[in-house]
Amino acid sequence: MAASVSVHLEFGGGAELLFDGVKEHHVTLPSQPEPWGMRQLLVWIQRNLLKERPELFVQGDSVRPGILVLINDADWELMGELDYQLQDQDNVTDAAEDEGDQADMRRRCNPSWKYESFCHKMQHNSFNCPQLQSIT
C-alpha cells in the first residue's frame, strides 16, 4: 500500500474562483493501494475541492486547454503529465495561461466581474488617462 502524500496546491489566474476564491491548499492525500499520480489527484480535486463549473477546469480526464499545470515549478508536460507520480511535499500549480483565459474564467464565474474591473480601473486611474484625473 502506498503511503499518504502531502501536497501543496495553488490555483491562480482566475482558476481560484472555481475553488471558492481560495488560492492555496495544503492537503494530505490518504494511503491507497496504488501510488498517487496526477490522474488520481485531478479526480481527488474534483471530488474534494472544486466548488463550481467543473467544465472550466477539467476536460475528460485531464485539465482543459488553457490551464497551465506546473509541478515543482516545471511544466507538467516535461514531467509526464497525467502519468507523473506525486512525491511527498510536491507543489502543484494550476493557472489560466493567458489574460484571455483569466478574463474568461472570471466572467463565467462572476458575470459582474467586467463591470467591477472597469469600476476599479476608473477608481484607481489604471487607464493612464490624464483626462480621468479630474473625474476620479
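Read-outs: derived from the displayed coordinates by stated rules, not from any lab. Remember, it's a predicted structure, so these values are computed and weren't measured experimentally. Backbone-built Cβ (ideal geometry, glycine too); neighbour counts: all protein chains shown.
Remarks
- Computed over all pairs of different Cα atoms, the Kirkwood value for the hydrodynamic radius of region 5-96 is 13.1 Å.
- Residues Asp83 and Leu49, FRET efficiency given R0 of 25 Å [Cβ-Cβ distance, rounded to 0.05]: 0.70
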